[in-house]
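The values are calculated or read from the model by the stated rules, or taken from the named source; none is laboratory data. The structure displayed is predicted, hence computed values, not measured ones. Cβ placement follows ideal geometry from the backbone for every residue including glycine, while neighbour counts extend to all protein chains displayed. With ligands, DNA and RNA removed, areas are computed over all heavy atoms of the protein, side chains included. Shrake-Rupley method; radii C 1.70, N 1.55, O 1.52, S 1.80 Å.
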Amino acid sequence: MPSSSQMQRWSDGAPPAEIVEAIPFVEPVPEVGAGKPVTRPGSIAPRPKVGPARRLLRFIGGLVRVVGSMLEWLFGALALMVAVAVLAALPVLQFLSLGYLLEAGGRIARTGRLRDGFIGVRLAARLGGIVAMSWLLLLPVRFVAGMARAAQIIEPDGEVTRAWRWSLTVLIAFTALHIGAACARGGRLRSFLWPFNIVWLLRRVWRGGYYTEARDAVWDVATALRLPYYFWLGCRGFAAAFLWLAIPVSLLALGRAAAPLGFLGALLLAWVLLYLPFLQMRLARDNRFAAAFELRAARREYGRAPWAFSIAFLITLLTALPLYLLKIEVVPTEAAWLPSLVFVAFIFPARLLTGWALGRVQRRQSPRHWFFRWTGRLPYLPAAALYVLIVYFTQYTSWNGVWSLYEQHAFLVPVPFFGM
Amino acid sequence: MWWRNLFFLGLVGGGVTALAVNLMPSRAPTPVTHYEPSAYQDVEFRQTVARVDASFRGMWADQKIKPVSAAAPLAQARRLALGLLGTIPSLEEIRQLEWLPSEGRLPWWIDHILQDRRFADYLAERLARACVGTEDGPFLFFRRRRMVSWLAEQVAQNRPYDQIVHNLIAAQGLWTDQPATNFVSVTSKPGNKNQPDPVRLAGRVTRAFLGIRLDCAECHNHPFADWKQADFHGLAAFFGQTHIGFTGVYDGDGEFQATARKTNEKRVVEPRVPFRPELLPAEGSRRERLARWVTDARNPNFARATVNRVWALVCGKSLVEPVDNLESDSPVLPALPLLADDFASHGFDLRRLIRIIASTEVFRLDSAADREPSETDEKTWAVFPMTRLRPEQVVGGVIQASSATTIDMDAHIIDRLIRWANTSDFVKRYGDSGEDEFDGRGGTIPQRLLLMNGTLIRDRLKDSPFNATTRIAMFAANDARAVETAYLTVLTRRPTFEEADYFEKSLASSRLGRAQRLEDIFWALVNTTEFSWNH
């Protein structure tokens with residue numbers, strides 16, 4: 001492709017012949033009435049006229065691509081939520097979930113664009129597709145495994161048992177190779193549905209150099225996930241929020257034994273709640289632990305986008321409250337990701353909105369008019385007071401009782417119970 | 001670069017290994033759990049077992065009774081599974097059991113059960129029924145599932161039983177983060193400002209932990225025992241300062257006031273225990289003092305009541321009947337104080353107690369005799385008692401009988417959820433026996449019809465690749481093996497010669513498919529009296 005400087009050089013005349021040769025799509029354009037081919041400098045030759053049938057086909061093709069892209073994005077978003085929910089239900093790995101939620105809000109806070117909060121949706125679509133198709137492909141294997149196990153129990157030395165065992169071995173090997181080959185070809189849906197992936201894989205291996213290519217591709221995908229970064233961000237976000245919450249929540253918990261302590265704890269918690277969503281998001285935005293403790297800076301930022309802060313604050317509390325219903329009863333460990341999915345679905349928008357509110361701050365250098373600042377404060381105290389009141393009484397209904405006060409899912413890991 | 005290779009090879013190798021390990025069945029039915037022989041070789045353990053055996057032999061000799069012979073090992077295994085897991089052994093477990101040398105089978109089986117999480121859950125439910133019954137309790141103030149979950153944790157950790165009971169009686173706090181307080185909060189009534197009921201609590205403590213029906217003396221002096229009304233009110237007074245407030249269950253001020261029936265006069269009652277007052281400590285809150293008195297190793301009733309209840313769980317029938325009344329007309333067998341002394345002197349270890357009971361000669365006796373067992377035979381345990389299974393045991397047996405593999409905590413979550421849903425529905429329809437679950441009750445026609453025509457039976461026995469009937473039809477080498485496997489799966493025994501001959505001929509009939517014929521055999525076996533009884 002010619003460089004822009006080259007394009008400018010021949011703006012007054014035809015491009016040199018060697019450039020014309022190098023550009024395969026530059027076709028001679030006949031001058032009107034001249035019958036001679038003319039090539040315009042620096043331009044692509046006009047496309048030949050396309051019939052209506054081909055136009056229609058191209059339109060349909062384009063529409064299919066757009067719809068396919070949208071469906072892929074939606075599937076990726078769903079896969080991402082499920083992945084975050086599953087991680088949230090696992091001890092220690094929970095910090096990855098928190099890190100992702102914080103980073104989503106942090107990116108919006110940096111760029112001001114809501115769409116930047118949906119990180120890695122396309123990659124999640126690809127990986128989610130691999131997981132979903134692998135699970136589907138393993139269903140018949142699991143059925144055969146169940147039959148083989150039953151055969152082993154019913155007739156340990158039988159011919160039929162041996163036959164089922166061999167069939168299972170072959171099926172496991174074939175399915176593993178097929179899944180591996182499908183992943184090696186890109187992990188798309190069509191790769192999983194194509195039955196001859198193994199042939200492709202064998203031919204590719206035969207050609208040589210495939211091990212290095214596969215190893216590096218897997219490594220690139222793994223590093224693209226940025227797991228250490230999200231984990232560290234999650235750890236810091238958890239630590240910062242816990243440091244803010246520990247004393248007020250502890251005093252609130254002691255309120256059962258001494259009412260004045262509980263009252264003090266409630267006041268402190270309400271005060272902490274006014275700032276905590278934004279302090280935690282500042283940590284994610286600036287990638288600095290200390291940013292979560294810069295109260296004055298947070299107050300100044302409020303002045304520059306007061307209504308945005310209020311909306312984000314209200315949504316954060318509103319989306320957190322219904323989730324206390326899921327803390328009443330505990331579910332089996334294997335199904336723990338299901339309530340976590342609800343938690344993530346509720347908390348993710350709150351995180352995005354908090355990031356959006358911080359992103360609004362970038363648009364102004366000076367505080368807004370006092371009218372906006374003062375009206376923005378109006379819902380803060382009532383919302384915080386109501387939230388603290390409801391949270392206090394959840395210890396009478398939540399499975400873990402008073403310990404559930406520490407499981408502040410709006411600011412810590414998005415899961416009903418820690419260490420499920 | 002080496003880390004890239006390590007990561008890639010680890011990912012691929014790990015994936016293939018995980019597939020192989022999780023999906024390939026093992027070639028031999030080797031047991032996956034192990035038992036600790038030292039628990040059974042302990043000198044004091046064997047001495048206690050020997051003393052218990054000797055006490056029964058002494059009784060038989062006095063009564064000039066010849067006990068029946070020992071039951072088959074599989075019958076003993078079935079008793080333990082029903083008593084401690086609420087289900088029958090699976091075919092998979094039977095294969096593992098028979099793979100072991102004969103002398104190690106029963107100890108392995110006992111420990112296999114004790115290590116199974118289902119044992120903790122099942123025993124917790126049984127203990128909860130004794131403590132708080134089966135009622136739902138007051139809304140918000142009582143969390144039954146929370147309490148059962150806590151009890152299951154305690155049993156799984158093998159916490160000494162005296163400490164568990166101490167918690168139940170004396171715990172303070174909320175019924176959510178202090179689940180033991182549900183023992184108190186279950187008695188709260190909206191009509192009584194949601195305050196606990198000392199009278200009900202006293203009744204529960206005496207029945208569940210002391211094996212005496214002291215609540216019979218609530219309104220008047222006990223008609224057949226030495227208990228006076230004052231004894232009952234004195235015990236209830238220990239709960240006179242127990243309240244429910246913002247902090248949950250707590251001990252504050254107040255006194256228990258008893259109301260005279262005839263004059264309606266209220267009088268304050270001081271707390272006092274009905275016997276062994278020297279064991280009551282002087283320090284502590286009233287509930288604390290009561291808890292320590294109840295669980296004192298020198299309090300004979302606590303250990304005996306517990307032994308009687310655990311014996312009932314394992315054997316289907318208590319040593320002294322009813323299970324919560326050690327002072328009934330039933331004679332107290334010498335084995336009871338022997339077991340109680342061992343239980344109290346070894347830290348109230350429930351697992352040890354279960355091991356001892358299962359190791360006794362009496363437990364291993366057959367329920368079938370070559371003569372008609374007399375009343376004396378039954379009272380002296382010269383023949384193992386036959387008892388009707390409880391609803392949850394019936395449904396557990398049906399569900400397990402429809403699967404060749406064990407439905408335990410390692411089973412798929414969906415299988416376990418289906419089992420839970422089926423169990424709840426079946427128990428509701430079959431009729432839950434509530435807290436009186438050891439009272440012998442006759443069967444009812446609806447129960448029979450449920451086993452004959454119920455949805456659960458139909459779904460679990462129908463021709464389906466997921467059910468045992470179809471799988472046995474597919475994999476059994478011949479009709480004889482199919483019949484034998486069906487008997488092992490449903491009745492935990494092999495067929496007799498006559499039974500095998502009859503059903504093999506039935507299978508040989510060509511009118512119906514093999515799976516359908518096996519479905520009929522399964523249906524017949526599930527509806528036998530043998531299936532619905534513990535023997």
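Applying the criteria of a DSSP loop state and at most 14 other Cβ atoms within 10 Å to the GluC sites (Glu not before Pro) of the range A:313-420 yields no site. Put simply, the convex hull of the Cα atoms in the range B:386-535 casts, on average, a shadow of 9.4 nm².
Rolling a 1.4 Å probe across the protein heavy atoms gives the protein assembly as shown an accessible surface of 48 Å² per residue.
Whole-Hz Karplus values for the range B:478-486 come out as 8, 5, 4, 5, 5, 5, 4, 5, 4 Hz, taken residue by residue from phi with 6.51 cos²θ - 1.76 cosθ + 1.60 and θ = phi - 60°; glycine and proline positions read x. Within the listed set A:MET147, A:MET133, A:MET281, the residue fluctuating most in the Gaussian network model of chain A (springs between alpha-carbon atoms under 10 angstrom) is A:MET147.
Rounded to the nearest 10 degrees, the angle from helix A:121-154 to the longest Cα principal axis of chain A is 80 degrees.
Using a cutoff of 8 angstrom between alpha carbon atoms and counting only pairs six or more residues apart, the relative contact order for the range A:305-420 works out to 46 percent.
When a/c is below 1.5 the answer is rounded, else prolate if a/b is larger than b/c, else oblate, so apply that to the range B:1-145 with a ≥ b ≥ c taken from the square roots of the Cα gyration tensor eigenvalues. It is oblate, given that a/c is not under 1.5 and a/b is not larger than b/c.
Farthest toward the positive end of the dipole of chain A, out of A:ALA335, A:ILE119, A:SER250, is the Cα of A:ILE119, where the dipole comes from beta carbon charges about the Cα centre.
Restricted to Cα atoms, the range B:176-242 shows a radius of gyration and a Dmax of 12.8, 42 angstrom. GNM remark for chain A: springs join alpha carbons under 10 Å apart, and the peak mean-square fluctuation among A:ILE311, A:ILE172, A:ILE60 falls on A:ILE60. Among B:LEU389, A:LEU227, A:LEU57, the order of accessible area from largest down is A:LEU57, A:LEU227, B:LEU389, computed with a 1.4 Å probe on protein heavy atoms.
Can you tell me how the range B:306-369 classifies by the Cα gyration tensor, rounded, prolate or oblate, using a/c under 1.5 as the rounded cut? Judged from the Cα gyration tensor, the range B:306-369 comes out oblate (a/c at least 1.5, b/c at or above a/b). With coordinates expressed along the principal axes, the C-alpha atoms belonging to the range B:196-355 extend over 48, 37, 29 Å, beginning with the largest.
Considering all C-alpha pairs of chain B, those separated by over 29 Å amount to 58%.
With bins 5 Å wide starting at 0, give me the P(r) of the range A:232-346 over every alpha carbon pair, in whole percents. Per 5 Å bin, starting at 0, the Cα pair percentages come out as 2, 10, 15, 17, 21, 18, 11, 5, 1, 0.
Remark: mean inter-chain Cβ contacts per residue of B:472-479 equal 5, using a 10 Å Cβ-Cβ cutoff to other protein chain atoms. Rank B:LEU525, B:ALA486, B:ALA473 by how far each Cα sits towards the positive end of the charge dipole of the range B:469-535 (+1 on Lys, Arg Cβ; -1 on Asp, Glu Cβ) and give me just the farthest. Of the candidates, B:ALA473 comes out farthest on the positive side. Apolar share of the accessible surface for the protein assembly as shown: 61 percent from carbon plus sulfur atoms, 1.4 Å probe.
3J(HN,Hα) along the range A:300-307, derived from phi through the Karplus expression 6.51 cos²θ - 1.76 cosθ + 1.60 where θ = phi - 60°, amounts to 5, 5, 4, x, 8, 8, x, 5 Hz, with x in place of Gly and Pro. A convex hull fitted around the alpha carbon atoms of chain A yields 262 Å³ per residue. Summed over both chains, the contact between B and A buries some 4400 Å² of accessible surface at a probe radius of 1.4 Å. Between the range A:90-111 and the range B:128-159, the C-alpha centres lie 38 angstrom from each other. Treating cross-link reach as a plain straight distance, find the lysines whose alpha-carbon is under 29 Å from the alpha-carbon of B:LYS505, omitting any fewer than eight places away in the same chain. In chain and number order, the partners are B:LYS462. If you bin all the Cα-Cα distances of the protein assembly as shown at 10 Å, starting from zero, the percentages per bin are 2, 9, 14, 16, 17, 16, 11, 6, 3, 2, 1, 1, 0, 0. Accessible-area loss of 50 Å² or more (1.4 Å probe, protein heavy atoms, chain alone versus all protein chains) is found in the range A:215-229 for A:ARG215, A:VAL218, A:TRP219. Tally Lys/Arg at +1 and Asp/Glu at -1 over every other residue whose Cβ is under 15 Å from the Cβ of A:ALA83; what's the total? Net of charged neighbours comes to +2.
With no solvent and one point per C-alpha, what does the Debye sum give as log10 I(q)/I(0) for the range A:258-318 at q = 0.26 Å⁻¹? Cα-only, vacuum Debye calculation for the range A:258-318: -1.09. Does the range B:326-444 classify as rounded, prolate or oblate by the C-alpha gyration tensor (a ≥ b ≥ c root eigenvalues; a/c under 1.5 gives rounded; else a/b over b/c gives prolate, otherwise oblate)? Prolate.
Per the Kirkwood formula applied to alpha carbons, the range B:89-195 shows a radius of gyration over Rh ratio, Rg over Rh, of 1.15.
Taking A:TRP370, A:TRP356, A:TRP73 as the candidate residues, the one with maximal mean-square fluctuation in a Gaussian network model of chain A, Cα springs under 10 Å, is A:TRP370. With the whole protein complex present, A:THR333 retains an accessible surface near 90 Å², based on a 1.4 Å probe. Our coupling estimate for the range A:243-251, obtained by passing each phi through the Karplus curve with A = 6.51, B = -1.76, C = 1.60 and θ = phi - 60°, is 4, 5, 8, 4, 5, x, 5, 5, 5 Hz, Gly and Pro reported as x. To the nearest ten degrees, helix B:161-170 and the longest principal axis of the Cα atoms of chain B are 50 degrees apart. Computed from the alpha carbon atoms alone, the convex hull of the range B:16-62 holds 123 Å³ per residue. Protein-only accessible surface at a 1.4 angstrom probe places the residues B:GLU519, B:GLU498, B:GLU92, B:GLU378 in the order B:GLU498, B:GLU378, B:GLU519, B:GLU92, largest first.
How charged is the neighbourhood of A:PHE293? Take every other residue with its Cβ under 15 Å from the Cβ of A:PHE293, and add Lys/Arg as +1 and Asp/Glu as -1. Taking every Cβ under 15 Å from that of A:PHE293, the sum is +4. Under the convention that each Lys and Arg Cβ holds +1 and each Asp and Glu Cβ holds -1, the size of the dipole of the range B:377-535 around its Cα centre is about 480 debye.
Take every Cα-Cα distance within the range B:81-140, group them into 5 Å bins from 0 onward, and report for each bin the whole-number percent of pairs it holds. With 5 Å bins starting at 0, P(r) equals 4, 15, 21, 19, 13, 9, 7, 5, 3, 2, 1.
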